[in-house]
Amino acid sequence: MSTPTIWIFLPIAVSILLMAVHRLHKLSVWIAALSSLLFAAAAFIFPQDLDFSMFGRHFHFDSTFMILNRSLILSASQLRFVSLLYFFSFLWNLTGLQFSTSRWFPTISLAITALWVSALAVEPFLYAAAIVELIVLISTLLITPRGEPASSGVLRYLVTQTIALPFILLSGWMVAGIESAPIASALVLRGTILILIGFALWLAVFPFHTFLPMLAGKSHPLVFGFVFLMQQSSLWVFLLKFLDQFAWLRNLEGIFPALQWIGVLTLLAGGILASLQSKVNRILAYLVMTETGCALLGIGLIAQGGGAFLALSFLPRALAYWQWSYTLSSIQKIAPEVDGSFDSLRGLFRRLPFHSASLILSMLSLLGLPAFGIFPAKRMLWNIGAGLTLPYTPLLSLAVAGMSLFILRLLRALVTPEPNTPSSSLLIQREEPAWQIILLCALTLFSLLMGIFPHLFLNPFMETLGAFSELMPPN
Amino acid sequence: MSFETLRIIAAVILLLCAAVNLVRRHWVLNVAVLALQYVCVFLIILEVRTPLLAAIKLIVGLMVSLMIYQILRSSGLIDSLFSRQRLTSGEVFRGTIALLLVLISHLAAPKVKLSIFPQSSELLLTASMGLMLFGLFQMGTITEPLYLVIGMLTFLSGFELLYASLEFSRVLEAFFTAINLLLALVGSFFIVKDVESRAG
């Protein structure tokens, strides 16, 4: 038995099984959620030497699985990240029971998770580009809204991600065996440009982000949140793999400052564009953009401790996305007349106070407000970034100010009733089920606990990026 | 007729097929031309692949074309191949662009061979760059699902042709096969949704 069998082939087998029972929605959701939890827990507690004894028997797991002369390698150091991916799948599947996303969501979400794991495990790792394309194609089936034609956002997403494939594959071929070539030779520069363009398209960095708000405006918030959380988290790790494995790339002068600038500009664009938004559905797209910007800045600052930012932020970011997507989906279920525009949200605080508060708090959490889960990571990033180069400080401040402005506008819309509302309806009306109130409060409380006690909740994830020993040498 | 001559004819027909798909908006013609495009890719790729391996691309391409044809037929969207349509100004514009793209790929191939891909033949580079350019142009200018998918398939065919001359990997061939089939499936899904929304 090998680790790729457990975390790639077994989930794909479960996913195929789920295809047979996809009409039994509750059953398939439960199977997908529980199996994801099982895979996550197994990856989290799996011993580092891939050896363990149970019931008096000794088991050894191989980290390599050979297929058509190529290999899938899933080492113990990668399992922490694998456990996170399956945990995200568990979280999103758990909510699938409540909302009518798609009957195929459990099947496809599990397959997507397994494919992301395989993308991180395949050797030569450049072949992951083809797996990413497969994931994108499968994802389009999910993000296309039900009962509507494929929107231009979906089509643009498909095109953008497909164009990235040749860039990544050609970069690998172009620089094969380049280790001995002098740094900054024409070939190295060409390979670097191909890699950067490929990742820019994949990660939807500014100015290749245009499909993101279009998609977020049309897709179900939960589906959009899941697809892009998985995509961005895995692609950041994949970018780290490039930097770790290609010595010529990480030793190229200017590569890390270039990543920092791309990150800062994406963050800035996300913040400013968010401040101008008046559709709450589309804001998750800008959150995805700003988080990508932060991550690229973190990768650019890897030598100064940016890796710790990435490792510490995976879980709180996912929880904040989940809280935002869940709350928005729930609002649209309870109040179908809310179409996402600020006008339709007016006075919602009086009808759905906990949901309204949850929307604001999840955004504040992503912004990095002190005491929330992502604060320790964001504080680290702001400190490193602002301390390193002077021009970053005003740009980062502008990005944060843009996002804050949107939060203030949203808050105003939520608490301000329509001008002609009768005074009797200004009283708080209870339309939220008690269990949902408890869930939203628990989520916020958990985020606060993560922020207040990071050493308890986040330190176990510091090892998430332990596989990149060249890029982040162990102390 | 020598094999080299056959390959040159195949490359010319290949670029012509891509041009027809870019210029004309006649669904059954587009699907038929797409299938013919894959036959030409098969003939050109024989330069760097054994007939058995090259046949995989041909079979996959024909399956993809058949899938799209079936979905168009079941959706009642197929017009007669011989129905006459007058040329529109858009088609004249796209025709001019098609000529330009053929010219660019023909003129650029020797330089690209010299500076980037010395192991690939000029003919293969002309064909692959032409397909990629046609695909890119189609993807960038059209939002109708069928044409977009045809554009993506054309782009990928061009890239597969180019990559075949650089490296051989069974895993990658399997991935490309899966991508093409999945793309046809996604395209069919989009076409059905489009038809449903028009009917509804």
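The values are calculated or read from the model by the stated rules, or taken from the named source; none is laboratory data. Small disclaimer: the values here were computed from a predicted structure and weren't measured. Counting neighbours? That spans all protein chains shown, and the Cβs are built from the backbone with ideal geometry, glycine included.
Structure summary
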| read-out | value |
| --- | --- |
| Lone unmet requirement of (1) crowded, with 19+ Cβ neighbours inside 10 Å; (2) closer than 25 Å to B:ILE13 by Cβ; (3) facing chain A (nearest Cβ under 10 Å); (4) touching a residue at least 40 places away in the same chain (Cβ under 8 Å) for B:MET132 | (4) |
| Residue in region B:120-129 that is farthest from A:ARG156 (Cα to Cα), counting only those that are buried (at least 20 other Cβ atoms within 10 Å of the Cβ) and away from chain A (no Cβ under 11 Å) | B:SER120 |
| Residues that are touching a helix residue (DSSP H, G or I) at 6+ places or on another chain (Cβ under 9 Å) and not in a helix (DSSP H, G or I), drawn from region A:307-346 | A:ALA335, A:GLU337, A:VAL338, A:ASP339, A:GLY340, A:SER341, A:ARG346 |
| Selection within region B:111-125 - within 21 Å of B:ALA18 (Cα to Cα) and out of contact with any Leu (no Cβ under 8 Å at 6 or more places or on another chain) | B:SER121, B:GLU122, B:LEU123 |
| Those residues of region A:147-160 which are in contact (Cβ under 8 Å) with a residue 60 or more places away in the chain and either in a helix (DSSP H, G or I) or at the interface with chain B (Cβ under 9 Å from one of its Cβ atoms) (or both), in sequence order | A:GLU148, A:SER152, A:GLY153, A:VAL154 |
| For B:GLU196: the one exception among (1) more than 10 Å from chain A (Cβ to nearest Cβ); (2) in a helix (DSSP H, G or I); (3) loosely packed, with under 15 Cβ neighbours inside 10 Å | (1) |
| Within region B:1-111, helices (runs of 4 or more DSSP H) holding 3 or more residues that are surrounded by fewer than 16 Cβ atoms within 10 Å (Cβ to Cβ) | B:3-23, B:51-74 |
| Hits in region B:142-173 - residues which are at the interface with chain A (Cβ under 10 Å from one of its Cβ atoms), surrounded by fewer than 20 Cβ atoms within 10 Å (Cβ to Cβ) and either modelled with pLDDT of 95 or more or part of a loop (DSSP other than H, G, I, E, B) (or both) | B:ILE142, B:THR143, B:GLU144, B:LEU166, B:GLU167, B:SER169 |
| Matching option when the condition is under 15 Å from A:LEU203 (Cα atoms) and either more than 7 Å from chain B (Cβ to nearest Cβ) or among the aliphatic types (A, V, I, L, M) (or both), among A:ILE143, A:ILE163 | A:ILE163 |
| Which listed residue, of A:LEU352, A:LEU361, A:LEU381, A:LEU297, is outside the structural domain of A:GLY96 (by TED's automatic domain parsing) and touching a Cys at 6+ places or on another chain (Cβ under 7 Å) | A:LEU381 |
| Any hit, region A:163-185, residues being over 20 Å from B:SER165 (Cα atoms), part of a helix (DSSP H, G or I) and modelled with pLDDT under 95 | no |
| Condition check for A:SER89: crowded, with 21+ Cβ neighbours inside 10 Å and in contact with a helix residue (DSSP H, G or I) (Cβ under 6 Å, 6 or more places away or on another chain) | yes |
| When residues of region A:21-37 are limited to those that are assigned to a helix (DSSP H, G or I) and at pLDDT below 90, the one surrounded by the fewest Cβ atoms within 10 Å (Cβ to Cβ) | A:LYS26 |
| B:VAL192 farther than 24 Å from B:ARG49 by Cβ, hydrophobic (A, V, I, L, M, F, W, C), out of contact with any Gly (no Cβ under 6 Å at 6 or more places or on another chain) and modelled with pLDDT under 95 | yes |
| Residue check for B:SER165: closer than 23 Å to B:LEU14 by Cα and of a type outside the set (Val, Ile, Thr) | yes |
| Any pair with Cβ under 7 angstrom, 6 or more apart, that starts in region A:435-447 at a residue that is under 19 Å from A:ALA371 (Cα atoms) and ends at one that is outside any helix (DSSP H, G or I) and of a type in the set (Gly, Ala, Ser) | A:SER447/A:GLY373 |
| One residue from A:LEU24, A:LEU17 being without any contact (Cβ under 8 Å) to a residue 12 or more places away in the chain, more than 24 Å from the chain's Cα centre (by Cα) and under 18 Å from A:LEU110 (Cβ atoms) | A:LEU24 |
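Listed here are the residues, each with its yes/no results for (1) aliphatic (A, V, I, L, M); (2) modelled with pLDDT of 90 or more.
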site: A:GLU337; (1), (2): no, no
site: A:SER341; (1), (2): no, no
site: A:PHE349; (1), (2): no, no
site: A:PHE354; (1), (2): no, yes
site: A:LEU366; (1), (2): yes, yes
site: A:PHE375; (1), (2): no, yes
site: A:LYS378; (1), (2): no, yes
site: A:GLY387; (1), (2): no, no
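For (1) outside any helix (DSSP H, G or I); (2) modelled with pLDDT of 95 or more; (3) under 23 Å from A:LEU388 (Cβ atoms), each residue gets a yes or a no:
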| position | (1), (2), (3) |
| --- | --- |
| A:ALA200 | no, yes, yes |
| A:HIS209 | yes, no, no |
| A:GLY217 | no, no, no |
| A:PHE238 | no, no, no |
| A:LYS241 | no, no, no |
| A:GLN260 | no, no, yes |
| A:VAL264 | no, no, yes |
